[in-house]
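**Q** Please see the structure below; I have some questions.
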């Protein structure tokens, strides 16, 4: 079908801007033996931003060598965590649902670079890396995935329900689309409290068709809420390609009267620039939509091979041409901020850090049986509650 | 004081006491409330705290829950609880379960309130009682006031409560007036959540009811008294948690039970109460538990059919007499 082949080829756009980068003299610095952490750099995004009802920001992103190296480390850590989770799932230590984020790391990392922990993020179930970006630890992630006490939700939530309220991360939601009105609620509360902070409500191309999104967007626009709608368009809602689910897959335009920006979600600097722009906009003018053009290497979840509705060529093609970590590696090398060997060393250290965290998580015990009955309420009034056999297992709600 | 004014005063006092409390819903602001429950509040607290929403329950309920996540204390009004079905995912999955799934990190101090159950002549889509559905959900608290004192005390308690509360009012009770004690008029007045009230003490049969049905049960008690049957009327006030200790203590005293509710019978509140009593007080029952509920049909419009679809005083009287083995249909064996 003509539609699908043109769609597929669009996903594998060569990084023409990047190959041009290495020959662009004015962006190369002379080699220096000691690189200052805060050496200022300007990086050009892979492609220009496309705006809807707004003037898009510049392609030139201010950064520092420290940030660039930080991006590499953080994304490599996220990548390694997700790959390790794949193995844990296959060895049945992780049960139920497990939705992996590898390929989409640039969105999590670029966003964090543009905001503070007082800004809020809320997302759906592909939340492990967002949690890590918000300051969560590997041990908390792996423990939660394996249902242990040391988990971020004490083992009671699972893969889809990671939260870190003290860093403005509100989950971790299993119902597609529900997180978006919730995110607008967070933005409402931020405005009500005069906090001068914003909320990033993240959702996928599948969720983008949900009615409640439009209901929330309407209210956010009416009330000028500091809400930023972030569509992580990885082009597939489970097994359904975007062109089969959406009459108009221009998600950044879906807001109609609400401005939008289309962003290369595989380029951490483009993401950073877009989020910075969006935060400024939202604080002054209310909601804005960011469409992150991204890609997930894994299937929808661990029970989906991910290759029945897309070709292996497409997956490997994106990995070859647009991988977010490779992009940063090339930038680091071309700016001579590090060497191949050093970067490989960082990756090796990350591997062992992840292995250690898994070992530590495995040491954590499962929740005590009494935890079955805790946290049902904040204030349980000491009411009696029962297990499956009411005459056998009883508890009291604290 | 009528129930409407009782609710209005409760909202007013709680909004005055805590700047985090705000009201949102359709027509709550400029229209003064679809049933005038929020009259005067927009003028007093301004549009930032009294929000008129578009007719988008899923969206605005999600926004309310999100605001509660952040730490505000929203009161979300559903014009009737029939419309809450559009938002039920947010009530159950976003609100009720969050504290548990997050192991206590994300608490949801929100109140969902509005008229519940049958009104008069509004037909099938506008007459359902949601007590049983919400009452079955762990993580929710479900309250249903009868009198003005109930309305004041329970709504104030609900707004102060740190958990999601479903507050089931009744449109037909809004205009009804009840005596209110001086204590109940005080701004610090609160009723405990999870405690039923014995509206009328009795010795022969326990009748449980909530909301409008309490009024009918009390009238039934008057009729039963003339026949020498002393009925103990329990106003549940709280559907979840259900005050099973009070109910059981009463049944252990009277040995007979009639449950009354307006909603559909299958999987209803009465079914739960019956089981709770069988579990704890089986040996004390001298007669099978009787259940009076709405008819097992969508609510009809025609006045005569509507009357048949909702419990009447005579139904409660008849059931109580059956429980006392004084039914006229049975041969006198006593």
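The values are calculated or read from the model by the stated rules, or taken from the named source; none is laboratory data. In this text, all values refer to a predicted model and were calculated from it rather than measured experimentally. Ideal geometry is used to build each Cβ from the backbone, glycine not excepted, and the neighbour counts take in all protein chains shown.
**Q** Out of A:368, A:389, A:313, A:356, report the one residue that is exposed (fewer than 15 other Cβ atoms within 10 Å of the Cβ), farther than 19 Å from residue A:234 by Cβ and more than 14 Å from every other protein chain (Cβ to nearest Cβ).
**A** Exactly one residue qualifies, and that residue is A:356.
**Q** Another one. If the requirement is being modelled with pLDDT of 95 or more and over 19 Å from the mean Cα position of the chain (by Cα), which of these qualifies: B:65, B:75?
**A** Only one candidate qualifies: B:65.
**Q** Considering only the stretch B:261-281, I want to know if a residue exists there that is touching a strand residue (DSSP E or B) at 6+ places or on another chain (Cβ under 8 Å), over 22 Å from residue B:215 (Cβ atoms), assigned by TED's automatic domain parsing to the domain that holds residue B:216 and surrounded by fewer than 22 Cβ atoms within 10 Å (Cβ to Cβ).
**A** Yes, there is a match, as at least one residue in the stretch B:261-281 is touching a strand residue (DSSP E or B) at 6+ places or on another chain (Cβ under 8 Å), over 22 Å from residue B:215 (Cβ atoms), assigned by TED's automatic domain parsing to the domain that holds residue B:216 and surrounded by fewer than 22 Cβ atoms within 10 Å (Cβ to Cβ).
**Q** What number of residues within the stretch A:198-213 are crowded, with 20+ Cβ neighbours inside 10 Å and at the interface with another protein chain (Cβ under 10 Å from one of its Cβ atoms)?
**A** Number of matching residues: 4.
**Q** Of the conditions (1) within 12 Å of residue A:230 (Cα to Cα); (2) touching a helix residue (DSSP H, G or I) at 6+ places or on another chain (Cβ under 6 Å), residue A:328 satisfies every one except a single condition; which number is it?
**A** That leaves (1) as the condition not met.
**Q** Just give me the residues in the stretch B:53-83 being more than 10 Å from every other protein chain (Cβ to nearest Cβ) and either surrounded by 23 or more Cβ atoms within 10 Å (Cβ to Cβ) or closer than 17 Å to residue A:219 by Cβ (or both), in sequence order.
**A** B:75, B:76, B:77, B:78, B:79, B:81, B:83
**Q** A follow-up question, please. Looking at (1) more than 9 Å from chain B (Cβ to nearest Cβ); (2) touching a strand residue (DSSP E or B) at 6+ places or on another chain (Cβ under 6 Å); (3) in contact (Cβ under 8 Å) with a residue 40 or more places away in the chain, which is the only condition residue A:136 fails?
**A** It is condition (3) that residue A:136 fails.
**Q** Next question. Taking the stretch B:31-71 on its own, how many of its residues are under 16 Å from residue B:91 (Cα atoms) and assigned to a loop (DSSP other than H, G, I, E, B)?
**A** Within the stretch B:31-71, residues that are under 16 Å from residue B:91 (Cα atoms) and assigned to a loop (DSSP other than H, G, I, E, B) number 1.
**Q** Among the residues of the stretch A:24-64, write down those that are at pLDDT 95 or above and farther than 30 Å from residue A:284 by Cα.
**A** Result: no residue meets the conditions.
**Q** For the stretch B:79-197, which helices (runs of 4 or more DSSP H) that fit wholly inside it have 3 or more residues that are in contact with a strand residue (DSSP E or B) (Cβ under 6 Å, 6 or more places away or on another chain)?
**A** Helices (runs of 4 or more DSSP H) meeting the threshold: B:131-135, B:148-160.
**Q** So, restricting to strands (runs of 3 or more DSSP E) that lie completely within the stretch A:30-135, which ones have at least 2 residues that are surrounded by fewer than 18 Cβ atoms within 10 Å (Cβ to Cβ) and out of contact with any helix residue (DSSP H, G or I) (no Cβ under 6 Å at 6 or more places or on another chain)?
**A** A:40-44, A:50-52, A:60-64
**Q** Related question: Going through the stretch B:113-142 one residue at a time, which ones are on the phi < 0 side of the Ramachandran plot and within 14 Å of another protein chain (Cβ to nearest Cβ)?
**A** B:135, B:136, B:137, B:138, B:140, B:141, B:142
**Q** If you go through the stretch A:139-146 one residue at a time, do you hit one that is modelled with pLDDT of 95 or more, in contact with a strand residue (DSSP E or B) (Cβ under 7 Å, 6 or more places away or on another chain) and assigned to a loop (DSSP other than H, G, I, E, B)?
**A** no
**Q** Quick one: residue B:92 ticks every box in (1) touching a helix residue (DSSP H, G or I) at 6+ places or on another chain (Cβ under 8 Å); (2) within 14 Å of chain A (Cβ to nearest Cβ); (3) in contact (Cβ under 8 Å) with a residue 40 or more places away in the chain bar one, so which box is it?
**A** Condition (1) is where residue B:92 drops out.
**Q** Output the number of the condition that residue B:100 fails; it satisfies all remaining conditions of (1) over 22 Å from residue B:128 (Cα atoms); (2) surrounded by fewer than 23 Cβ atoms within 10 Å (Cβ to Cβ); (3) in contact (Cβ under 8 Å) with a residue 60 or more places away in the chain.
**A** All conditions pass for residue B:100, except number (3).
**Q** Now, a different point. Name the residue that is farthest from residue B:100 (Cα to Cα), counting only residues in the stretch A:161-171 that are more than 8 Å from chain B (Cβ to nearest Cβ) and crowded, with 21+ Cβ neighbours inside 10 Å.
**A** Result: A:168.
**Q** Then there is this: Looking at the structure I just gave you, is residue B:296 within 24 Å of the chain's Cα centre (by Cα), at pLDDT 95 or above and surrounded by fewer than 19 Cβ atoms within 10 Å (Cβ to Cβ)?
**A** Taking the combined requirement at face value, the residue satisfies it.
**Q** Now for a different question. Take the residues in the stretch A:282-303 that are over 20 Å from the mean Cα position of the chain (by Cα) and in a loop (DSSP other than H, G, I, E, B); name whichever of them is modelled with the lowest pLDDT.
**A** A:303
**Q** Only residues that are more than 17 Å from residue B:183 (Cα to Cα) and touching a strand residue (DSSP E or B) at 6+ places or on another chain (Cβ under 7 Å): list them for the stretch B:12-25, please.
**A** B:15, B:18, B:20, B:21, B:22, B:23, B:24, B:25
**Q** Hey, does the stretch A:72-92 have a residue that's at pLDDT below 95 and either under 16 Å from the mean Cα position of the chain (by Cα) or closer than 27 Å to residue A:228 by Cα (or both)?
**A** no
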